[in-house]
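Shown next, in structure tokens, is the structure this report addresses.
Every number here is computed from the coordinates shown, using simple stated rules; none is lab data. Quantities reported herein were computed from a predicted structural model and do not represent experimental measurements. Ideal geometry is used to build each Cβ from the backbone, glycine not excepted, and the neighbour counts take in all protein chains shown.
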Amino acid sequence: MKKAILFISAFFTILSCSAQSFNFDQGIKAFNENNTDQALIYFTRELNDNPNNSLAYFYRAVIYHYNETYANALSDINNSIKHSNKKNKELLAGAYKLRGDIYVEIESIEKAFEDFATAIKLTPDDLDLYIDRAQVYFDLRKYETAESDYRYVLKKDEGDVRGWAGLGRNYLAQKKYKDAEETLNKLIKLSPDYTGGYYYRSLVAFDQKKYDDAINDMFTCFLLDETDQQVRNLFISYSEKNPSLALSKVNAQIASQPEKEIWYFIRALLYEEKFDYIAAIKDYTKLMELTRMNDKSSLLSYRAECYSNAGMYEQSIADYTLAISFDSTDAYYFGYRGDAKRLLGDYASAKEDFTKAITIEPREAWFYYRRGWIEEEFLKNYTAGLKDYNEAIAINKGYAYTYLHRGRLFETKLNNSLKAKEDYTTILSLDTIVSKAGNCRHYALFHLGHVNAATTWVNKMIEQYPTSGNYYDAACLYSLMNNPKEALVNMELAFQGGYRDFIHLENDDDLDNIRNLPEFKNLVSEWENVFDESLQSDIVVKKDTVINSETVSIPMKAWGVGTYEVACKINELNLNLIFDTGASDISISQTEVQFMLKNGYLKPNDFVGTHRYMDANGDIEIGTTVILRKVDIGGLILKNISASVVHRNNAPLLFGQSALSKYGKIIIDNENKIITITTMTTTSK
């Protein structure tokens, strides 16, 4: 996140430049489309032809900075400063600002602040420089100095929302909650559509355990910008404190906008947080009906995970298989399918899937760990298991569970208690904080003979996170300790909390000490029946998914090089759009938006945020993001499409090829002047 902010702020300081060469213009175009690799090629060509082009050096330095190749970035920005027209103070200030950012990254802090000061001296009225410098002070925890810059900004422009937001965040970092609240309340009154006020006020509330206030503010923040995944994730996380409040807010949005996909997705995530996987599956199934096929592989993966968590492994495997049919390059689809097969007891096939995942992504430690577990525990191939555990640890030395499994393998199968002890001891250095899932410190403590410490830790886990997984771990620990009474109590609590992995339970060595007890057998049988009955009463699965294709051929006429004009309807308004093979975005002009808003084709709640971009002249443009509820292109219906509103009256309605490709396969027939789009949908039977 920090790197992205620095990347954006660096090039926002350039305000204008004169007409440039072909290579430079193409570099700017690729740059604004976030195609930094292509932009780098064009700027390098430009510098080969024009080695004194300070702007080309500047942009290439920005890219190197973004890619964290700081030596190259520093060389280029020095050349940019060297060749700059000293009369162009705005350009020169931007270059010093960027060099300051580079110095921060390489921890030359004194040089960084010298450059920030030079930039400010060149353009003392540029408040962006004070905001950016305050950010660096904040990152260095120099809160008083940061506050000084924020207050200077507000002295010059009392309505600058960044100053108020920065000041509020500053107080939050120092736990000055009253000052933070007063500052952020003022910001929200000044600018009720600015997300930063609600975001930081939500953090302030959560820090003070005012959880309802935190949920309300984070939800408002998300309403203002539905594209912000960090805000979405925080809202989901905060919902744990009051799931009913969070669900009521999302349900209200679904009631008012029943065709809007994002709210079903959010609700599904909320249901998952509550371990209500059946309800989540229903929402993912609804999303499958609303979403075009090219977006469905990830949804299938989400739904498959819910099926697996609900103990419905066959359905999970079916969804992962369908996701793989859409995208066979995603290693995690194979890995997750392999894990579902493991839980189903199909170990040989599970091993094949993890091997395929490793072939695609050989640097993912989890794949080796899981395959090693299958080899060692289920296929009894201890040598292969050890080899995979060693590879997993070589890639990721921070994952505690790999050490646990390797330690147990050393201790119980390979007769190497010294190596086992080393692995258990390593776990103690890694697993130091209680987590919602994935705890294993208690096992290491047990194996090292610290039984009381192990029970203390597992009690701490349950106290902080009373989840089915943690109760299951407690049952396993007490079984290992040969304490059947506590093991059975915790196993029942695990079932009550939603634990459903009955096949894994049958094969888990940790439960061997209680497995043959009549009480254990009766408990498992009772909950297997409860689970089967719940499935019978809550039909959510359509096992057979059918893929349907739809092809539309749309007349077009050439509009320029690589661009074509096509008739369409936006929210039932007849318009012409420009299909651009070189663009990546969907954009609409301010003129069209104003007309649509005035005549009811757009509603105020269709606007979801703002963004910035730079044009080929180096000018900063401010854009608004709007949701187009229905786009009809030759009979192809797309719903809830995010588009950028360009605040220029002469901008066309533009659909980039890469943007439109998300919805189907595109073929351009220049000879017959036809664009053919083939989309796919799924139905269940």
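For this structure, a couple of remarks:
- Förster radius 51 Å - calculated FRET efficiency between ILE667 and SER248 (Cβ-Cβ, nearest 0.05): 0.65
- Centroid-to-centroid separation of segment 56-109 and segment 130-203 [C-alpha atoms, Å]: 27
- Angle in degrees between helix 211-224 and the longest Cα principal axis of the chain, rounded to the nearest 10: 40
- Label point of GLN208 set 7 angstrom out along Cα-Cβ; within segment 166-182, amide nitrogens under 16 Å from it belong to 168-182.
- Calculated diffusion of segment 110-244, Stokes-Einstein form, Kirkwood radius summed over Cα pairs, 20 °C and 1.002 mPa s, µm²/s: 137
- Reciprocal mean inverse distance between Cα atoms of segment 2-242 - Kirkwood radius, Å: 19.3
- Mean-position separation - Cα centroids, segment 487-521 and segment 216-261, in angstrom: 36
- Nearest-ten-degree value, helix 36-49 long axis tilted from longest Cα axis of the chain: 40
- Segment 306-380 shape via C-alpha gyration tensor axes, a/c threshold 1.5: oblate
- In terms of distances greater than 24 angstrom between alpha carbons, the cross-link table entries LYS142/LYS460; LYS111/LYS397; LYS286/LYS630 yield LYS142/LYS460; LYS111/LYS397.
- Between ASN452 and ASN52, the contour length at 0.36 nm per residue exceeds the Cα-Cα span by 136.9 nm.
- Note on segment 293-426: Rg/Rh from C-alpha atoms, Kirkwood Rh, equals 1.03.
- Sequence-separation-based contact order of the chain, relative, with Cα cut under 8 Å and 6+ spacing, percent: 9
- In this structure the amide hydrogen of ASN416, modeled in the peptide plane, comes within under 5 Å of the amide hydrogens of GLU411, none closer than 5 places in sequence on its chain.
- PHE22/ARG363 FRET efficiency (R0 51 Å; Cβ-Cβ; nearest 0.05): 0.85
- The angle between the Cα long axis of helix 54-66 and the longest principal axis of the Cα atoms of the chain comes to about 10 degrees, rounded to the nearest 10.
- Note on segment 431-543: semi-axes of the ellipsoid equivalent to its C-alpha gyration tensor, largest first and rounded to whole Å, are 27, 17, 11.
- Cut-off 12 Å between beta-carbons: net charge of the residues surrounding THR383, Lys and Arg +1, Asp and Glu -1: 0
- For segment 34-135, the list of trypsin sites (Lys or Arg not before Pro) that fall in a loop by DSSP and count at most 13 other C-beta atoms within 10 angstrom reads LYS86, LYS87.
- Entry for semi-axes √(5λ) of the Cα gyration tensor in Å (calculated from the structure that is shown) out of (i) 76, 31, 24; (ii) 48, 33, 27; (iii) 60, 35, 30: (ii)
- When the helices of the chain are scored as -39500 (n - 2.57) per DSSP H run of n ≥ 4 and the total is divided over every residue, the value at 222 nm lands at -19500 deg cm²/dmol.
- With a Förster radius of 25 Å applied to the beta-carbon distance between SER435 and LEU523, the computed FRET efficiency rounds to 0.40.
- Kirkwood-based shape ratio for segment 355-422, expressed as Rg/Rh from alpha carbons: 0.97
- With both residues required to sit in the chain, DSSP beta bridges show an antiparallel share near 90%.
- Anchor LYS282: lysines whose Cα lies under 23 Å away (excluding residues fewer than 8 positions away in-chain): LYS249, LYS260, LYS274, LYS296, LYS341, LYS542, LYS543, LYS639, LYS685
- Translational diffusion coefficient (Stokes-Einstein; Kirkwood radius from C-alpha pairs) of segment 481-533 at 10 °C, 1.306 mPa s, in µm²/s: 141
- Segment GLU289..GLU114, full-extension length gain: 57.3 nm, with 0.36 nm per residue of separation and the alpha-carbon distance subtracted.
- Fully extended contour minus Cα-Cα distance, from LYS142 to PHE502, at 0.36 nm per residue: 124.2 nm
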